[in-house]
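Student: Structure provided below as C-alpha cells; questions to follow.
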Amino acid sequence: MNKHILFYIMLIVFVISCKESNTTEPEDTPSQTKVTLVKDLPANGPGLTYFRFSDSTIVTGEDTLTNKWDIAFRKTTIYTNSGVKGPGKGGAIVLTNTDFYELSEAPAEGYKIEENNTPAIPTGSGKGWYNYNSQTHIITPIPGVVLVIRTAEGKYAKMQIISYYKGAPENPSATNISGYYTFKYVYQKNGSRRFN
C-alpha cells in the first residue's frame, strides 16, 4: 500500500509541474513586453543626450547623425528622430489622463514630427510632459501624461517621466540637482503597435 501512495504522490507532483511549465510563456514571446526603468539620464549639458529604446543605450558620436537613436534630451525638451532633428521615421503623441500600464496599443495615427518652430513633444509648463512652479522653480511631471513614441525605425514605445531630478526625490526642492531624467518605458520590438 505504501508503494501505491508513493506512486500517487509522484504522479500528483508530475502533473503539477507540467501544468506550471505549460502556463509560463517564454520571456521573448512577441506578446510579452517588459517595463524598463531608466534612472538619472543626464540632460543638463549644452548638447543633446541621445537615447535608443531597443537596448536602453545612450548614443554618441557619428551615430547621432543616423537613425540609431530614438529620442534626445536637452533640459526639459525631448526630441524625436524625425523632421529637422534626424533622418529617422520618429514622431510622438502626448496622451493625457492615461494610465501607463493600461495603455495596450499605440495610436495608429496623429504623430507629430520635429519642425522648425513646433517640436513633436510640446515644451513649456502644462503643454507637454511637465508643470513648472514659478514660486518654487520646481519642475514636476504632469500626472497621467504618457508619451507614445514612434521610433527612428518606425517601431513604438510608450514612456512616462517619473522625475527631472537626480536621485528621483519624491518631493524635489531647490537643493536637488535638475536635468536628470528618471522614466519608465515599454518598447515593442516586433514592430506592432501592441504593448502587451
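No value in this document is a laboratory result; all are computed from the given coordinates. Computed from a predicted structure; not experimentally measured. As a convention, Cβ positions derive from the backbone with ideal geometry for all residues, glycine included, and neighbour counts pool all protein chains shown.
Student: Would you mind giving the three semi-axes, in whole Å and largest first, of the ellipsoid equivalent to segment 79-196 according to its Cα gyration tensor?
Tutor: With the √(5λ) rule applied to segment 79-196, the semi-axes are 26, 17, 12 Å.
Student: Let me understand segment 57-145 better: what is its radius of gyration from the alpha carbons, and its Dmax, in angstrom?
Tutor: Considering segment 57-145 through its Cα atoms, Rg and Dmax are 14.4, 41 Å.
Student: Out of segment 29-72, which trypsin sites (Lys or Arg not before Pro) are coil in DSSP terms and have no more than 14 other C-beta atoms within 10 Å?
Tutor: Listed in order of number, the matching sites are Lys34.
Student: Also: For Ser54 and Gln135 in the same chain, what is the full-extension length gain: residue separation times 0.36 nm, less their Cα-Cα distance, in nm?
Tutor: Once the chain is fully extended between Ser54 and Gln135, it gains 25.3 nm.
Student: Further question on the same structure: Structure shown: which of Lys112/Lys166; Lys34/Lys158; Lys85/Lys189; Lys85/Lys184 lie over 21 Å apart, alpha-carbon to alpha-carbon?
Tutor: Beyond 21 Å between Cα atoms: Lys112/Lys166; Lys85/Lys189; Lys85/Lys184.
Student: Moving to a separate point now. Amide H of Thr57: which non-local residues (sequence gap of 5 or more, or other chain) have their own amide H closer than 5 Å, using H built in the peptide plane?
Tutor: Excluding prolines and chain starts, which carry no amide H, the hits are Arg52.
Student: Let me ask you something else. Once the Cβ-Cβ distance between Lys75 and Glu115 is put in as r, and R0 is 25 Å, what FRET efficiency do you end up with, to the nearest 0.05?
Tutor: 0.80
Student: Moving on to the next point. Using unit Cβ charges (K, R positive; D, E negative) and no other charged atoms, how large, in debye to the nearest 20, is the dipole of segment 37-188 about its Cα centre?
Tutor: 220
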